[in-house]
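Presented below is the structure to which this report refers.
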Amino acid sequence: MEKTARTKFFLLRADLSQDQSQLQILAEINDLSQQKMQELEETILLKKSGQEEVRRLVLSGKGKNIMDEIRVKIRLMLDGEEKNWRRKRQKLIRFTKLRKLPVGAVHF
């Protein structure tokens, strides 16, 4: 993985440190990304060596399948973040409404 990509991955992992389900998905994306990079390296090496196997590798759909899995995982993460955002927004709305109540309206 490229240095900047590793840095971004590390920062994202730190941002998600409190959300185990998001961390699990991120780890899966990381694994898939490594698989994709290996597949690309293999394709490039085969192409440079002039081997016909490159055609078979590309036609196997392995790279496309990995990318499709990455897209699914990213969508899961985005959906999870949207749910978290909505939950926080609802809490903020409830808090704001409570603050508008007249003094003495809330009994503890």
From the list 35, 90, 22, 18, pick out the single residue that is in a loop (DSSP other than H, G, I, E, B) and of a type outside the set (Gly, Ala, Ser). 18
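One line per residue, one yes/no per condition, for (1) under 26 Å from residue 84 (Cβ atoms); (2) touching a strand residue (DSSP E or B) at 6+ places or on another chain (Cβ under 6 Å); (3) of a type in the set (Val, Ile, Thr):
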site: 20; (1), (2), (3): yes, no, no
site: 29; (1), (2), (3): yes, no, yes
site: 43; (1), (2), (3): no, no, yes
site: 46; (1), (2), (3): no, no, no
site: 55; (1), (2), (3): no, no, no
Is one or more of the residues making up segment 33-56 at pLDDT 90 or above and closer than 14 Å to residue 77 by Cβ? yes
Look at segment 44-72 and say how many of its residues are touching a Ser or Thr at 6+ places or on another chain (Cβ under 8 Å) and either hydroxyl-bearing (Ser, Thr, Tyr) or in contact (Cβ under 8 Å) with a residue 24 or more places away in the chain (or both). 2
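The values are calculated or read from the model by the stated rules, or taken from the named source; none is laboratory data. What you are looking at is a predicted structure, and each value in this text was computed from that prediction instead of being measured. Positions of Cβ are backbone-derived with ideal geometry, glycine not excepted, and every protein chain shown enters the neighbour counts.
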